[in-house]
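Colleague: Before I ask anything, let me first share the structure, which is written out below as structure tokens.
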Amino acid sequence: MLYALASGAAAWAVIGWLALSSSGSGRAALMPFVPAVLVSAVVGGLWPGLLTTLLCTAAGVVWLLSAETTARAAEWSQLAIFAATAVGICAACERRRATRRGSSLQTTEALRQRGEEIERLMELVPAVAWLARDPECREVVGNQAGCRLLKLPPGSNISARLPPEQRGWLRFEREGRELPLERTPLRLAIATRAPVTDVEVDLVLPDRSVFTLLGNAAPLFDAAGAVRGAVGACLDVSERQRLREQLQHKEERLRLAMEGAELGEWEMDLRTQRAVWSPLTRELLGVAPDTPITFELYESRLHPDDLARDRCAVAECLATGKYQNEYRIPLAGGGWRWIDSRAKLVRDTQGQIVRLFGVVSDITARKEAAEARARSEERLRLILESATDYAIFTVDARGIVTSWNAGAKNVFGHEEHEIVGKDGAVLFTPEDRARGVPEKEIRAARRDGRAHSERWHLRKDGTRFWGSGLMMPLRDGGEYHGFLKIMRDWTEARRSKELLERQAEALRQADRRKDEFLATLAHELRNPLAPLRNGLAILRRAGVDEEMAERAREMMERQLGQMVHLIDDLLDVSRISRGKIELRKDRVALGQVLQSAIETVQPLIERHGHELTVESLPEPVFVEADAVRLAQVFANLLGNAAKFTPPGGHICLAIERRAGAVAVRVKDDGIGIEPEMLPRVFDLFAQVTDTYERSQGGLGIGLSLVKQLVEMHGGTVEARSGGLDMGSEFTVCLPIAPSSSRPAEPPASACEAVQGAGRRVLVVDDNRDAALSLADFLELIGCDTRVAHDGFEGLRLAAEFSPEVVFLDIGMPTMNGYETARRMRAEPWGEKPVLVALTGWGQEEDKARAQEAGFDRHIVKPAAPEVLEALLAELPASPVNAA
């Protein structure tokens, strides 16, 4: 074949040479012969190259011999040069081929030796090695270790394509489930065309024995880069897997134990400063699961006050190898968690510290319990030290004193060294010791678990005090070894208790007086009702003469005045008690005040036939007072004297000067006051006679009202009496007003009532009798009136009637008087009429509320006729009157 190659090359060279020569290139175009020789020499070697050289030279000689003689010398010279060059090329190529043949032989021998070394190594290595000789793994062979593992002769094919009984293994598994062959290391390396490392599989043999293999594999490629097979190596890690399972089991037990003990573990590599915390450790220290752990993060979680102590503990750990500390960690919701952290250093074989392993636990509950116990002990200590009012001491089973606190010294007077070791019976009175009370108390405490006692005890100085105490047994392992006694001087408390009992009795008496007052109130209110009803019956009779009718009217006016007086007194007491009364003080003449009071009670005095004597001073005396309220004081005193003095008796009103003050005495020769009643005669609801015998005893509030009003004027009042039927005397003492003050003008007399002819008046009251009677009275004095019985009707009539004055009741159903007034003021015509609140609500807050609702005036029921006439007289003249 090589010589055919040489001949073919020579032929192609000759054909090319002839083509060049015929084209006019000249006869020197012998150069196509050189490539032919080069190809033959390179590809075929020396002899094919020389053959090509010979054939090309012969062709040249033949051609030259047939050419013209003029060109022969130059052509023969070129042919000679070609022949020499071609021989040189052949020689050079032969030398190169010889060198290449020697190198190839050396390489082949080296490869043979390397293969033999690898084969011997694979036979001797304890690892299992498998070789797949094709990409489909039809032929897979293993080394001696692999064959021994599969109990097969060396060189056996263990391909998965063979039946199980021929290949020596059953299947591959992972975590107890069969592993597809595509997931085995050799197949993965072939499929991915890349090395596969650390693939752990379980190899199941036909006898059901299992080996855990850790395999690596790599693909093998041919010259074209295609995968031609794969090689794999596996380590039998069955023992390691068993140890790992044992370790996992132990770690699980340790984890459960630590979770049961609520311990979180942590580890720190001191060389890299890298820390690993368990989930519980992260939870206890308040760090998120994905947060990288550093020593700086750990220190940032500590309470600032605990940081220095922790650093000292770490420094001590580096010296001793052990770490222990307690610190606080902030909680997300506020507050702190107490952590107990313990650790131990781990050293390498050279003794260098490499790791720190530790555990943490939540000791918040323990800390809180300890703090609570400490606080409790501290409180107990402070109680014992500060309980100077309590005697706290102990005695043994025989009653001998064994301990003594400072309070016991204060209560009993014995110093600790004086009483400890002595019989505790010395603390009891001689009569109690004679009755065996100390021994009985110990027996009761042993039997019942405690013994309470209240009795007289003896101090060191011989004085006695009322002691209240409790004795309790002290046990040690179920055995009594003594008794604790706590005692206090209860003498003052006993006195306070007796005082409270007296006060309770006084409250009971006050309650009884309250009941009596209610009964009296009912009696006093019914008394005027009877003559009022009788008077009405007289007036309804036809044919009654004018004199009888006048007497009936006068009697009814007196009784109505009495009822108003009772109600006014009640309201005054209530207002004074709540501080609602404000005195309108001015410099007034005391004589004028007394004259006003005398005029008030004169009808009562005359009705009883009393003789009133007034002893006045020669010159006038002035006081700073509310003339109306002060007149009320003396009217009450004179009224009481008239009521409790039999007909024909004597009443004396005397005025006398004292140092900077003036005294007014009201003296009578009536029924008098019992001595036991004098201390409480000014109490509210107090009465000096039996309830059912009071024909005119009043409500028992007059003197209380007198006392309060006098004290509001800066004065005093006192009562005296020699006893029953010895008369009584009340003295009011008031400070005299400074003489520099200008006397006030005497109160102007009431103006003549101006008739209300032509006034348009609307009366709104749900009480029909009250509304109609008021309307009748207003018509009698010349008013044009309309009547409504609820707020809605009143609004309607007011819009139609255009009243000048509206008398509105407050306590009406559906819509009260306040709301009605507000709605009237909201109407276009609502600013013109004068709104008058005519109501039974007469407190100051009621008046303020009425003014806020839009009322112009506030009158308390029942309204006196002269008050209504004066109100109408104050209004500007109506158009009718003006005309």
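Quick note: the coordinates plus some simple rules give every number you see, no bench work behind them. None of the values given here were measured: they were computed from a predicted structure. Reconstructed Cβ throughout: ideal geometry from the backbone, glycine too, with neighbour counts over all protein chains shown.
Colleague: Relative contact order for the range 583-735: what percent, with Cα pairs under 8 Å and sequence separation of 6 or more? Each step should come with its number before you reach the end.
Modeller: Values: 295 pairs, mean separation 37.3, N = 153.
About 24 percent, as a whole number.
Colleague: Continuing with this model, one more query. Please report, in debye to the nearest 20, how large the charge dipole of the range 387-489 is about its Cα centre when each Lys and Arg carries +1 at its beta carbon and each Asp and Glu carries -1 there. Let's see the in-between values first.
Modeller: Values: 17 positive and 16 negative charges, 60 e Å.
I would put it at about 280 debye.
Colleague: Counting alpha carbon pairs within less than 8 Å and at least 6 residues apart, what relative contact order, in whole percent, applies to the range 265-365?
Modeller: 28 percent.
Colleague: Would you mind ranking PHE412, PHE644, PHE295 by Cβ crowding within 10 Å, fewest neighbours first?
Modeller: Numbers: PHE412 24, PHE644 21, PHE295 13.
Ascending Cβ contact count within 10 Å gives the list PHE295, PHE644, PHE412.
Colleague: Using only the C-alpha atoms of the range 163-242, find the volume of their convex hull and express it per residue in Å³. It would help to have the intermediate numbers written out before the result.
Modeller: Values: hull volume 7.9 nm³, N = 80.
Residue-normalised Cα hull volume stands at 98 Å³.
Colleague: Neighbouring Cβ atoms within 10 Å as the yardstick, rank HIS608, HIS414, HIS249, HIS457 fewest first.
Modeller: Working: HIS608 16, HIS414 20, HIS249 10, HIS457 23.
Neighbour counts put them in this order, fewest first: HIS249, HIS608, HIS414, HIS457.
Colleague: Run the Debye formula on the Cα coordinates of the range 300-359, all scatterers equal and no solvent, and tell me log10 I(q)/I(0) at q = 0.12, 0.14 1/Å.
Modeller: -0.35, -0.45
Colleague: Give me PHE622, PHE730, PHE807 ranked fewest to most by other Cβ atoms within 10 Å of their Cβ, as a rough exposure proxy. Before the final figure, lay out the partial values.
Modeller: Values: PHE622 20, PHE730 26, PHE807 30.
Ranked by crowding around the Cβ, least crowded first: PHE622, PHE730, PHE807.
Colleague: Also, I was wondering about something else. ALA663: net charge of surrounding residues, Cβ under 13 Å, Lys/Arg +1, Asp/Glu -1, itself excluded?
Modeller: Local net charge: +1.
Colleague: Here is a further query. Let me check I have the definition right: for the range 387-489, take the eigenvalues of the Cα gyration tensor, multiply each by 5, take square roots. What are those semi-axes in whole Å, largest first?
Modeller: On the way: eigenvalues 80, 47, 31 Å².
Semi-axes, largest first: 20, 15, 12 Å.
Colleague: Please tell me the relative contact order of the range 373-482 in percent, rounded to the nearest whole number, where contacts are Cα pairs under 8 Å and at least six residues apart. Please report the intermediate quantities before stating the final value.
Modeller: Values: 164 pairs, mean separation 21.6, N = 110.
Reported relative contact order: 20 percent.
Colleague: Also, I was wondering about something else. Would you mind classifying the range 583-735 by shape? Square roots of the alpha carbon gyration tensor eigenvalues, ordered a ≥ b ≥ c; an a/c under 1.5 is rounded, otherwise it is prolate if a/b is larger than b/c and oblate if not. The partial results should precede the final answer.
Modeller: Details: a/c = 1.71, a/b = 1.42, b/c = 1.20.
Since a/c reaches 1.5 and a/b is larger than b/c, the shape of the range 583-735 is classed as prolate.
Colleague: So, one more: Around ARG443, what is the net charge, scoring Lys/Arg as +1 and Asp/Glu as -1 over all other residues with Cβ under 13 Å from its Cβ? Can you show the working numbers first?
Modeller: On the way: positive: ARG398, LYS440, ARG446, ARG447, ARG450; negative: GLU439, GLU441, ASP448.
My count for the surroundings of ARG443 gives +2.
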